[in-house]
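The values are calculated or read from the model by the stated rules, or taken from the named source; none is laboratory data. Everything numeric in this text was worked out from a predicted model, so none of it was measured. In case anyone asks, the SASA skips ligands and DNA or RNA and just uses the protein heavy atoms, side chains included. Shrake-Rupley method; radii C 1.70, N 1.55, O 1.52, S 1.80 Å.
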Amino acid sequence: YAERVGGVWQIDVVVPIASQHHALAFGLNGEPAVVYRLPNQRIRYAFFNGTQWQSEPVDEDNTTSGPMSLAFSPLGNPIIAYVTSPGVLRVAQRQGETWSSVAVVSPAAFPSLAIGPTGRPGVAFQDPIGQNVYFAEEVLPGLD
């Protein structure tokens with residue numbers, strides 16, 4: 001993680017391990033957070049608590065492939081869009097200390113997550129077979 005402070009870039013080690021893909025977002029408190037994939041294909045969420053970086057597992061039941069996307073709900077809960085190794089687009093959210101995830105669609109690749117004006121997550125993604133770009137939005141309340 002690098003931040004420009006007083007015209008100089010300050011660089012911090014988020015995790016002392018090689019990460020294959022990662023995404024950055026800032027929480028409602030202005031602190032940085034990073035989602036990254038370990039060499040064993042599992043994803044983790046790291047956040048700066050104001051003093052140091054902390055890291056936790058997100059989805060230990062699925063292996064992931066490709067890029068991930070990170071955003072925060074209006075309540076400040078981190079939300080992550082990612083694709084599992086069989087090509088299933090999933091969206092995970094942490095509420096309190098617990099992560100939960102839902103399958104959105106398959107096949108999918110290259111997710112890009114944003115929170116809409118209503119507070120619901122929306123994901124743009126590519127169909128790896130037809131190469132079309134799609135948009136999926138949570139219609140019913142569930143993740144936040």
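Ligands, DNA and RNA are left out, and with a 1.4 angstrom probe the accessible area of the chain is 55 Å² per residue.
What Kirkwood hydrodynamic radius, in Å, does region 11-95 give when the mean of 1/r is taken over all pairs of distinct Cα atoms and then inverted? All intermediate terms of the calculation are to be shown ahead of the outcome.
Numbers: mean 1/r = 0.0770 Å⁻¹.
Kirkwood radius, region 11-95: 13.0 Å.
Put the Cα centre of region 86-144 next to the Cα centre of region 31-55 and the gap is 20 Å. The mean of 1/r over all pairs of different alpha-carbon atoms in region 11-61, once inverted, gives a Kirkwood hydrodynamic radius of 11.3 Å.
Counting protein heavy atoms only, the chain has 55 percent of its accessible area on carbon and sulfur, 1.4 angstrom probe. Over all Cα atoms in region 51-127, the spread is summed up by Rg and Dmax: 12.4, 41 Å. Computed from the alpha carbon atoms alone, the convex hull of region 3-144 holds 130 Å³ per residue.
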